[in-house]
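Chemist: Below is the structure I would like to discuss, written out as structure tokens.
The values are calculated or read from the model by the stated rules, or taken from the named source; none is laboratory data. Since this is a predicted model, take the numbers as computed values, not measurements. Cβ atoms come from the backbone with ideal geometry, glycine included; neighbour counts cover every protein chain shown. Protein only, heavy atoms only, side chains kept; ligands, DNA and RNA dropped before computing areas. Shrake-Rupley method; radii C 1.70, N 1.55, O 1.52, S 1.80 Å.
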Amino acid sequence: MNRKVRVIGYDLNYDYCQISYSGAIEEEPETLYLMDEKEGTELPLIIARRNDSTEWITGMEARRIDTLSDGLVVKDLLRKSLNKEWIMDGDNRISVISLLTMFIEQSMQRIYLPDIMDYETYLVFTIPEISEDAITLLKSIASRLGFERKQVFVQDYKESFYDYICRQSRDLWNYEVMLFGFENNTMYAYRLIKEHFIKGRRSELVVVKEERFPGVGCTPEDDIKFRECAQSFFGKSLISSVFLIGKEFETQWYPVTLKLLCSGRRVFGGRNLYSKGACYAGFRKSSAVHPEAVYLDNYKVVSQISARLKVNGKEQWYPLVYQGENWYEINRSFEVLLDQATELKLRVDTIGNSLPKEEAILLDGLFEPQRRTVRLHIEIIFLSRGRLRIRLHDVDFGEIRKASGYEQTYQMQLESFDI
């Protein structure tokens, strides 16, 4: 039975935001169209307040206030929030983080998602570059808007590119996939590559490589430079498809390069790949869907950690942590029943290693005399990409048996693997 999951994908960069959303796994994400905006789907990242008002507003009206110099205007909300900046409103000092929170809250009010019982709603922010400061900021803002921590994910554009591609027809990514876009007047390129680190893996492993091309604009004079950059980036790789992202590709300034790109490949243009990719990520990260390929970057765990447990009467290696999860999002707990066990066996399967590594957490003192079964609470949290902490403590059986007070903390150091 399909889980009842719906997702809001939020593309947030230094100039604008864009929102896509999907009310169910089987529904294609829809991008919010701003009827009052010339940009169509891009809401400029600006907030303003008229001189004669206390209300903060966004969108076209905020830009009008800026044009007429008729009030207090704050731009560059994301960058200033990451820098923890403040502004002065007369004698009042206002945190830009509070203004970004207000901006996101108002922009989300433009979405229509009916309030349906039993549905889990997830929010995924996608930003140009990931950092721990950005993760902390956006998760904090989401919590102020009523989202629980487990409902919110933050990822970069490269990961949203992966999520979008893996939900497309297989013939579009049989081989490598390219993407070109512009940021701060600089062209950048992504290349999605399938890696084969372990023979016989059920899931393919993919990475996204990035390259920047300073000095390439979007004028007819840049066409030849664009073609040279594309040829250099392609190398001898087989390319299934190419994506041209952003308004910069909506005019025909690059006919020479376009001829190269279309030679034996499918080429697509658009503006909402990242916000739609964020929606697909929400379904993946909520475990509502399981993609064919596992994405890896320098924030991903490259080891699967399993415990030897009896599940439905059968002893097996039960996964506690999966390869491809963001280490900073892993904070989970569960309970198991143990019968006179002297240790908790763990197995670590690391990408790049053909043989698994086994460890054991000794459970000395857990079982008291005449006590055959205990209820053990296990908590797992990552301290860094390569280090995790496992906490174990005895849980009571209600009125039947009180907890013994047993507690143990165990730390694991994982092998590194450069992406």
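Chemist: For residues in segment 71-85 being surrounded by 14 or more Cβ atoms within 10 Å (Cβ to Cβ) and without any contact (Cβ under 8 Å) to a residue 24 or more places away in the chain, which is farthest from Ile19 (Cα to Cα)?
Modeler: Gly71
Chemist: Right, something else. Go through (1) within 30 Å of His393 (Cα to Cα); (2) touching a residue at least 12 places away in the same chain (Cβ under 8 Å); (3) open to solvent by 30 Å² or more (accessible area, probe 1.4 Å) one by one and return the number of the condition Lys310 breaks.
Modeler: All conditions are met except number (2).
Chemist: Next up: Here's a check for you: in segment 118-159, which residue that is among the β-branched types (Val, Ile, Thr) and over 12 Å from the mean Cα position of the chain (by Cα) is least open to solvent (accessible area, probe 1.4 Å)?
Modeler: The extreme case among them is Ile141.
Chemist: If you don't mind, another one. Using beta carbons and a limit of 8 Å, which pairs, at least six apart or on different chains, have the first residue in segment 229-244 and of a type in the set (Phe, Trp, Tyr) and the second one open to solvent by 20 Å² or more (accessible area, probe 1.4 Å) and modelled with pLDDT of 90 or more?
Modeler: Within 8 Å, the pairs are Phe233/Arg191; Phe233/Glu211; Phe243/Val267; Phe243/Phe268; Phe243/Gly269; Phe243/Gly270.
Chemist: Is it the case, given these coordinates, that Arg227 is of a type outside the set (Asp, Glu), buried (at least 17 other Cβ atoms within 10 Å of the Cβ), over 30 Å from Ser131 (Cα atoms) and modelled with pLDDT under 95?
Modeler: When the stated conditions are applied, Arg227 does not pass them.
Chemist: Do you know which residues across segment 124-140 are assigned to a helix (DSSP H, G or I) and farther than 10 Å from Leu12 by Cβ?
Modeler: Glu132, Asp133, Ile135, Thr136, Leu137, Lys139, Ser140
Residue by residue, here is whether (1) in contact (Cβ under 8 Å) with a residue 24 or more places away in the chain; (2) open to solvent by less than 20 Å² (accessible area, probe 1.4 Å); (3) out of contact with any strand residue (DSSP E or B) (no Cβ under 7 Å at 6 or more places or on another chain) holds:
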residue	(1), (2), (3)
Val7	yes, yes, no
Ala24	no, yes, no
Thr31	yes, no, no
Thr41	yes, no, no
Glu55	no, no, no
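Chemist: A follow-up question, please. Within segment 370-377, is there a residue that is of a type outside the set (Lys, Arg), surrounded by 18 or more Cβ atoms within 10 Å (Cβ to Cβ) and over 24 Å from the mean Cα position of the chain (by Cα)?
Modeler: Scanning segment 370-377 turns up at least one residue that is of a type outside the set (Lys, Arg), surrounded by 18 or more Cβ atoms within 10 Å (Cβ to Cβ) and over 24 Å from the mean Cα position of the chain (by Cα).
Chemist: Here's another thing I want to ask about it. Given Lys84, Lys38, Lys80, which one is basic (Lys, Arg), within 30 Å of the chain's Cα centre (by Cα), modelled with pLDDT of 90 or more and part of a loop (DSSP other than H, G, I, E, B)?
Modeler: The unique qualifying residue is Lys84.
Chemist: Would you confirm whether or not segment 286-303 contains a residue that is among the polar types (S, T, N, Q) and modelled with pLDDT of 90 or more?
Modeler: Looking through segment 286-303, at least one residue is among the polar types (S, T, N, Q) and modelled with pLDDT of 90 or more.
Chemist: Just to be sure I understand, how many residues within segment 287-301 are open to solvent by 10 Å² or more (accessible area, probe 1.4 Å), at negative phi and not acidic (Asp, Glu)?
Modeler: Selection size over segment 287-301: 7.
Chemist: Would segment 257-278 turn up any residue that is polar (S, T, N, Q) and touching a residue at least 40 places away in the same chain (Cβ under 8 Å)?
Modeler: Yes: one or more hits.
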